[in-house]
Amino acid sequence: MGRYGASWVAAAKAGSVLPVITIAFPSGTKYYAPTGADETTPYESRVLSIGRVSVGASERSGALGFPQWSFTLAEDERRELTLLFESQEPSGAAVTLQWLAPDQDPLIKTSLAATLATSVLHRWRRLRPGIWELTCTPDWRPLKTKVTKQPILKGEYPLATGSPWGSYMPQVYGIHESSGLGGAGMIPGINISYDATAGRYWLLSQGFVRAAPGVFVDGVDATTDFSLVRAVVAGKAISYVKFIGGGAPPAAGAEITADVEGYETLDDGTGPVITNPVAQLRHWLSYYGLGNYLSSAGPGIDPLIDTPSWTVAETWAAKYGLEGAIYVGGSTEQVEAIDVVNRWLQTWPEFRLYWDHLGKLAMGVLQPVLQESNVTREHFVRADEALDLRPDNDSSLVITRVNQTFLYGVKDGKFWQSLDLQDLTRDQEVADDVPAGYSAARAV
């Protein structure tokens, strides 16, 4: 991660390094060093203890966790800490733990500071008179955002039929192709206009999708009667199919479905479709989960994402030809962004998402290697210096049989395929079910 630079190492050799905790309170930033520190340093000597600062992920649980670390501060005779906690709401204040080379102010010579943890203040409590305990976590608040974020409003789509108002616009990734599943369309269309003059439109997605190669009316192929339209309506980019047929239009209550090629790399509907599952999750977090993309150029990668580790994971997924298909939203119910992330992790158990020491979301890969390999005898290689992905030695906990259901049909509300894998060499069966909410392959 590059936390110990050459300048820091050289300066540290001149004397002992000093742990310093920086807290950005609403009333001002405070710097705390351990009690007994040299009084000539520019820090308040209040830190009594610092708990274990750990980052990582379990090789067994795919869900994203929220690690914590704590430290204790001593009160002074002015009861400054008591006044701080009683007079303001410091929850969410930025907290940084650094090793500093001797007599270095982190605001002046940042090259001489080695950051061990970047987090936010989660809670605080008085352990006993004169001693406070502060607990910190990564800044998980953006992942508690409700998604999807853009509702279909009656003021913007007054000519819709079927009362779609209040439903949230869906987001579509990957190839949704129904030819191998009866050919009746994978993505439901949501009517946003049903008028002889203004036109008859069915929404497929917020944002611009690459294509809609098949459109169906009540399960019957009617592709030639529709065209895909990408437009910005009320400031929001959307993709919908428009009825252009010369015959009778679909009835007001007809079910319109489509096969869809989802978001692409250029944000204008012309680039290559994003099929890599890691790239899909990163795009979704940056645009919709953490961001609030509406139209024009995309926002780029969200700063909460650790780009180098995600790039490694994306390259690994591309090497093995992994493809995903995601559908989020399309109903009146919202979920939290963390729920979408955990669904993705459940679908792709070979990946682990974890918080690194800088408070960023990092991606690790559970990469199996042969037992007789000359490289390592571990079941899994490490993905990061702080992410130990080695399983324990209790072989009774190893899953021997997995049943995975996949290819979820949004329109029909069920999984279309299942796969059962079993290790027949094991006497004891330890089974698990893994529903893949996001399709892990094309339905062709």
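Laid out as a table, the results:
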{"item": "So ALA317, is it outside the structural domain of TRP69 (by TED's automatic domain parsing) and either out of contact with any Pro (no Cβ under 7 Å at 6 or more places or on another chain) or under 24 Å from ILE187 (Cα atoms) (or both)", "result": "no"}
{"item": "Flag if TYR293 is in a strand (DSSP E or B) and either charged (D, E, K, R) or modelled with pLDDT of 95 or more (or both)", "result": "no"}
{"item": "Which listed residue is modelled with pLDDT under 85 and polar (S, T, N, Q), from SER49, SER58, SER70", "result": "SER58"}
{"item": "Every pair of residues 6+ apart whose Cβ atoms lie under 7 Å, when the first sits in the range 148-166 and is at negative phi while the second is of a type in the set (Asp, Glu) and loosely packed, with under 15 Cβ neighbours inside 10 Å", "result": "LEU159/ASP195"}
{"item": "Extreme residue, surrounded by the most Cβ atoms within 10 Å (Cβ to Cβ), among residues of the range 245-291 that are under 14 Å from GLN206 (Cβ atoms) and of a type in the set (A, V, I, L, M, F, W, C)", "result": "VAL260"}
{"item": "Top-ranked residue in the range 328-363 [being buried (at least 21 other Cβ atoms within 10 Å of the Cβ) and among the hydroxyl-bearing types (Ser, Thr, Tyr); ranked as modelled with the highest pLDDT]", "result": "THR347"}
{"item": "Residue match in the range 211-232 (condition: of a type in the set (Lys, Arg) and either without any contact (Cβ under 8 Å) to a residue 40 or more places away in the chain or surrounded by 19 or more Cβ atoms within 10 Å (Cβ to Cβ) (or both))", "result": "yes"}
{"item": "Condition met for THR197 (outside the structural domain of PRO67 (by TED's automatic domain parsing), in contact (Cβ under 8 Å) with a residue 12 or more places away in the chain, exposed (fewer than 15 other Cβ atoms within 10 Å of the Cβ) and polar (S, T, N, Q))", "result": "no"}
{"item": "So GLU133, is it among the charged types (D, E, K, R), in contact (Cβ under 8 Å) with a residue 40 or more places away in the chain and more than 30 Å from LEU84 (Cα to Cα)", "result": "no"}
{"item": "Candidate set: the range 296-327, residues that are in contact with a strand residue (DSSP E or B) (Cβ under 9 Å, 6 or more places away or on another chain) and in a loop (DSSP other than H, G, I, E, B); chosen: the one surrounded by the most Cβ atoms within 10 Å (Cβ to Cβ)", "result": "GLY324"}
{"item": "Residue identified as at pLDDT 90 or above and under 32 Å from the mean Cα position of the chain (by Cα) among LEU116, LEU97", "result": "LEU97"}
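The values are calculated or read from the model by the stated rules, or taken from the named source; none is laboratory data. Computed from a predicted model, the values in this text were never measured in an experiment. Using ideal geometry, Cβ is built from the backbone for each residue, glycine included, and neighbour counts are taken over all protein chains shown.
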